[in-house]
Amino acid sequence: MTFKVAAIQMCSGVDPQKNADDMARLVRDAAAQGAVYVQTPEMTGALQRNRAALKAVLADEDGDVIVARASSLARELGIFVHIGSTAIARGDEKMANRGFLFGPDGKRICSYDKIHMFDVDLDNGESWRESSAYEAGTEARVANLPFATLGFAICYDVRFPQLFRSEAMAGAEILTVPAAFTRQTGEAHWEILLRARAIENGAFLVAAAQGGVHEDGRETYGHSMIIDPWGRVLAEAGGAGEAVLVAEVDIADVKAARGKIPNLKNAREFSLDRVAVSGGTQA
């Protein structure tokens, strides 16, 4: 089955309502180009370093402006809208970094909470502690759409290949990595990681990213991508600013790639033996 997918690149600010308006404009553009599945980036609703200020504009799922707009867009355009993620109030001290998938009837199909928290210390003093504000998810997820099976992930999840392998083994043919990669890590690892996840699982991969200098001062890498099961980049955005990437996907390419290199079938269980060496070297 051949169809079109889209990745929306944004430069989200601190105002969820403005971000929702920008998202709607870009999603409509993608639908006008024939996309039946449209993905937005991580933190579509707001990128805000000030955690107190972010919490002040947040709502739960029922009251969230991004969730409501995505539902109405999906219904209006008759497409699948995947909010890569947005911050959701949990009712306790922490938030959820949560993605949503809406069907053409506007109903929510499922949600996914980011599993791996971005707790890192980078060069030049750049440090992030996502776990201090967000509660990590505990459940991987795949969704069976009429035209393909979709696997979910968010940003830092891309560094944990076991998540993608579990989804591929469960039938995922399109893997997703909506992101807000920092410029520093993006320049070093973004394309390599995305292409590796696509290649090792013989799956398409759609990665909608944040790109540019944001209102809160941070800089994200951009370079949203759509990649085929052989690791070829079908579409790529620039490093900053909005973009609408659209690519035609043929799910038969998944079967073909997995037929050529059937590593999902060839995987074997194994044990690990740790050998201790003491007393110096042998002659």
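The values are calculated or read from the model by the stated rules, or taken from the named source; none is laboratory data. Not measured: the values here are computed from a predicted model. Neighbour counts are summed over all protein chains in view; Cβ atoms, including those assigned to glycine, are modelled from backbone coordinates with ideal geometry. Heavy atoms of the whole protein, side chains included, go into the accessibility calculation; ligands, DNA and RNA do not. Shrake-Rupley method; radii C 1.70, N 1.55, O 1.52, S 1.80 Å.
Among the residues making up the range 1-19, a single one is among the aliphatic types (A, V, I, L, M), surrounded by fewer than 24 Cβ atoms within 10 Å (Cβ to Cβ) and modelled with pLDDT of 95 or more: 14. Listed by first and then second residue, the pairs with beta-carbon distance under 6 Å, at least 6 apart or on different chains, first residue in the range 85-114 and among the basic types (Lys, Arg), second at pLDDT below 95 and outside any loop (DSSP other than H, G, I, E, B), form an empty list.
Among the residues of the range 74-116, those identified as assigned to a helix (DSSP H, G or I) and within 14 Å of residue 37 (Cβ to Cβ) are 74, 77. Condition test on residue 234, is it open to solvent by 50 Å² or more (accessible area, probe 1.4 Å), at pLDDT 95 or above, touching a strand residue (DSSP E or B) at 6+ places or on another chain (Cβ under 9 Å) and of a type outside the set (Gly, Ala, Ser)? Yes.
Within the range 40-55, the set of residues being closer than 28 Å to residue 245 by Cβ, over 11 Å from the mean Cα position of the chain (by Cα) and among the charged types (D, E, K, R) comprises 49 only. Checked against (1) farther than 24 Å from residue 83 by Cβ; (2) touching a residue at least 12 places away in the same chain (Cβ under 8 Å); (3) open to solvent by 10 Å² or more (accessible area, probe 1.4 Å); (4) not in a loop (DSSP other than H, G, I, E, B), residue 254 passes all but a single condition, namely (3).
I'd like to check something: does the range 171-192 contain any residue that is at pLDDT 95 or above, among the hydroxyl-bearing types (Ser, Thr, Tyr), crowded, with 24+ Cβ neighbours inside 10 Å and not in a helix (DSSP H, G or I)? Yes, some residue in the range 171-192 is at pLDDT 95 or above, among the hydroxyl-bearing types (Ser, Thr, Tyr), crowded, with 24+ Cβ neighbours inside 10 Å and not in a helix (DSSP H, G or I). Report whether or not residue 71 is in contact (Cβ under 8 Å) with a residue 24 or more places away in the chain, part of a helix (DSSP H, G or I) and touching a Gly at 6+ places or on another chain (Cβ under 7 Å). Judged against the criteria, residue 71 is a match. Please work out which residue is farthest from residue 49 (Cα to Cα), limiting yourself to the range 124-153 and to residues that are over 17 Å from the mean Cα position of the chain (by Cα) and of a type in the set (Phe, Trp, Tyr). Per the stated criteria, the residue is 147.
Candidates in the range 30-68 are the residues that are part of a helix (DSSP H, G or I) and within 27 Å of residue 144 (Cβ to Cβ); of these, the one that is most open to solvent (accessible area, probe 1.4 Å) is 62. Every condition in (1) on the phi > 0 side of the Ramachandran plot; (2) buried (at least 21 other Cβ atoms within 10 Å of the Cβ) holds for residue 106 except the one numbered (2). The residues listed here are 140, 136, 168; of these, the one that is touching a residue at least 12 places away in the same chain (Cβ under 8 Å), buried (at least 17 other Cβ atoms within 10 Å of the Cβ), touching a helix residue (DSSP H, G or I) at 6+ places or on another chain (Cβ under 9 Å) and part of a loop (DSSP other than H, G, I, E, B) is 140. Here residue 264 clears all of (1) touching a residue at least 40 places away in the same chain (Cβ under 8 Å); (2) closer than 18 Å to residue 43 by Cα except the condition numbered (2).
Taking the range 206-247 as the region of interest, the strands (runs of 3 or more DSSP E) fully inside it that hold 3 or more residues being within 20 Å of residue 152 (Cβ to Cβ) are 225-227.
Here is the figure for the range 11-31: residues that are touching a strand residue (DSSP E or B) at 6+ places or on another chain (Cβ under 9 Å) and under 15 Å from residue 81 (Cα atoms) total 7. Just one of the listed residues (252, 240) is touching a Ser or Thr at 6+ places or on another chain (Cβ under 9 Å) and farther than 21 Å from residue 8 by Cα, namely 252.
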